[in-house]
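Read through the structure below, which is laid out as structure tokens, and then see the notes.
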Amino acid sequence: MATSKDNNCGHWEKQAKQIEDLTARVSRLSETNSRLLDEVATLKSNHNRLVEDMSVRLEAVHKKLFR
């Protein structure tokens, strides 16, 4: 027959396993988040370059049309 001490030991082992699993999940999410932040930074940079490029091109077209 299981004693309350045996039940507590099983309970603590289960909680320790859950903590390990959650720690591993947080670690994976942190890595994923870091990669996503890098990708967002790249997209912002690309967007800024496109906006600047389009501005220069539109200005050139405007000068040709309205000189």
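The values are calculated or read from the model by the stated rules, or taken from the named source; none is laboratory data. Note that the structure is predicted; figures quoted are calculated from it, not measured. Each accessible area value is taken on the protein alone, full model and side chains, heavy atoms only, with ligands, DNA and RNA left out. Shrake-Rupley method; radii C 1.70, N 1.55, O 1.52, S 1.80 Å.
Could you tell me whether ASP38 is open to solvent by 90 Å² or more (accessible area, probe 1.4 Å) and part of a helix (DSSP H, G or I)?
Numbers: open to solvent by 90 Å² or more (accessible area, probe 1.4 Å): yes; part of a helix (DSSP H, G or I): yes.
Yes.
Going through ARG49, ARG57, ARG25, ARG67 one at a time, which residue ends up being outside any helix (DSSP H, G or I) and open to solvent by 90 Å² or more (accessible area, probe 1.4 Å)? Break it down stepwise before answering.
Details: ARG49 fails: outside any helix (DSSP H, G or I); ARG57 fails: outside any helix (DSSP H, G or I); ARG25 fails: outside any helix (DSSP H, G or I).
Within the list ARG49, ARG57, ARG25, ARG67, the selection yields ARG67.
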